[in-house]
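The values are calculated or read from the model by the stated rules, or taken from the named source; none is laboratory data. Predicted, not measured: the structure shown is a model, and the values here were computed from it. Cβ placement follows ideal geometry from the backbone for every residue including glycine, while neighbour counts extend to all protein chains displayed. To get the accessible areas, we keep the full protein, side chains included, count just its heavy atoms, and leave off ligands, DNA and RNA. Shrake-Rupley method; radii C 1.70, N 1.55, O 1.52, S 1.80 Å.
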Amino acid sequence: MHDAVPIPVRIQLHRKEVLQASDGRDVGPASAGDEVGDGLPVDLGAGGHLPQTSPLGVQGVGEGPGDGLDDTGRGIIDDSLGPGLRIAGKVTRRPFTGQTSDHVDALLSVKIGFDTFTGCLSSRFCWSVTLSPEVSRTIREYRPRRPHQRWAPVADQVRATVAAAAPATCYEAGHLLHVVGRLAMWAEGCGMPRDPGVWLRTESIDAFVLSGAGDVCGSTVQTYRSWLRRVREALVWVQRGEAPPARMSSPRSPQPPYAEGDVSRLRAWAGHLPGRARLDGLALMALGAGCGLLPGEVVRVRGHHVRVTSGGVAVLDHDMLGRLVACQAGRETVLADLAQAAGAGYLFRPGRKVAAAKNLVSSWPSRHRPHAGLPPLSARRLRSTWIVRLLSDGVSPAAVASAAGMASPAGLAPYHRWVPPLPREEVIRLLRGPRR
C-alpha cells in the first residue's frame, strides 16, 4: 500500500545533487530556467525506464555506490537496505499576491516491498525537504507568550505541523507557529483530540475564528483564518479523500451612500427609539456618517477617545485610530454629548460582555428596523455617505483617504461614481486658476 503524501507536490527529474539533511543549505527558489512537471508519476523518458545518473543514488551513511537503479534494469545492486530509489524534485510554494510561484528542492525516496503471503509488490513514498538552519532554529526555539501548562501538551505537534507546512507556504515560520499554536491551545481547551488533522479541519478553523481566535478581533482574525487555510492546503490528507477547499471571493465594492433625505429621516427615527437603543443608534450614525469609521472601529470607541477642542470640534483619539479624524459639523454636538455621558465606557452597545464580537454592529440594525419606506441602518453605508459627501464638497482626496484609513487616494476610486459632477461654471473657475 502507499503511504499518504504529506503535501501536494509536483516533481521533475533533475540531473544534479539533491539536498541532504546535513548539508545546512536553505530551501530556495528554482533557477529561472527550471520547469515543474505536472505531477506524479515521474516521466519515464523515451525508453520507458527511469533515467540512471549517479546523483540520483544519493550516498549517505551506510549506503554504497550501487544503491540505485542500474542501466540494465536489474534493480538494486545492494539490497541490504531494501530495494528503493531517490529522485530529486521540486515542491511548489504558494506565492504572495501579485508574485509568481517559486519552488524548493525536495527529495523523493521510494522503497519497494514484497508481501510473501499475497505475492504483491508495494511501494512506500517519502518526501523530504531540508529547512534552513534559521527556520529550523525558529521552530525549535519557539515559545509563545502563553502559560507553559497550556503550551506544553501541544508544543511538539505544533512544531511538527509548521515544519511540514513551511516549505509549501510563503509565510514566515514564526507567523505560522503563532497562529497554529493559538489554534492548538484553543482546541485543547475545547477538549478536542491532540491531532493536527482535527485542528485543521474546516469546521475547526471556522469555530476558532468565530470564537474570536482567543483574544483578537478585527482584521487580525481574518488574517489568522487565511494563514490556517494555507497550512491546511499544504497538509492535505489524501487518505481521507479531502481536496483543497474551493477558493471563494467576493468583490470589495463599497455599499452605496444614503440619499440626503434618508440620512435625515434615519436620524429622526433613531432619536425616537426607546432607552439604550436610542443612544446606540445615534452613536452609530455619529461615528459612521460623521466620522467615517469602519464597523470594527465603531465598537472600539470609548467616551474618553473623543476630545472637544476649544473651538467646539470633536476629534477622535489619534493613538486609537492611528490617524486624524474630526467629526463633521452637523454631528459633532451629538458625538460630544454621547462621549461625555459614556465616560470610560463604550459609545456603542456599552452593555456587551466582550470587547468585540462577530456581528456586533450588523446585529443591531437587524433588531431595530425603521418603519416602512426607510432603508435599514448600515455602518458601511454610513461610511460611504461620509466619503462621498466630503468628495462632493471638494475636500482633497488625499485628506479624505487619510481620514478614512486608506493607504492612498487610489482607494477612493470606487466611490467617485456617486460623486456628482461639478457645475460648468465651477469647472471653468478651477481650470482657469487664480490670476498671477
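Quick notes
- Solvent exposure of the stretch 335-413, expressed per residue, is 49 Å² of accessible area, with all protein chains present and a 1.4 angstrom probe.
- Percent carbon-and-sulfur accessible area, the stretch 108-199, ignoring ligands, DNA and RNA, probe 1.4 Å: 55 percent
- The fraction of accessible area contributed by carbon and sulfur in the stretch 290-436 is 55 percent, rounded to a whole number (1.4 Å probe; ligands and nucleic acids excluded).
- The stretch 127-167: trypsin sites (Lys or Arg not before Pro) falling in loop per DSSP and having at most 12 other Cβ within 10 Å: ARG145
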